[in-house]
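Notes follow the structure.
Quick note: the coordinates plus some simple rules give every number you see, no bench work behind them. Not measured: the values here are computed from a predicted model. Please note: Cβ atoms are built from the backbone with ideal geometry, for glycine as well, and neighbour counts cover all protein chains shown.
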Amino acid sequence: MTTTIPATCHELHDVTLGVAFLEHLWGVEIKPVTHADIPRVDCEQCDLIGAKTVARVYGDPRPGATSDAMTDCCLHCIEHTVKQAHADQRDGSARPIYLELAS
């Protein structure tokens, strides 16, 4: 089942509060970027109609990988994607999780 998302200021405010919480809880580093840096395409993390990617989450690379793990997502998926990056982070990793958020 798919759901259409309304674009409201309240939604953005709720996401901003959630991201700020994750920043303080897990030390997520937030970097504002432009929409040119993150292509606005359909979010592949959820099936919400009209959900466009506005964020990119970087986590620890998988074993044997040569680059960081990276996931693009919509506003609704930010918290889940950051939590997943945190869960996948290797024990003792000194690398923070980065969140690029298009403005």
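One way to sum up the overall shape of region 28-102 is the equivalent ellipsoid from its Cα gyration tensor, whose semi-axes run 22, 13, 11 Å, largest first.
Remark: 44, 23 ranked as 44, 23, counting other beta-carbon atoms within 10 Å and listing the fewest first.
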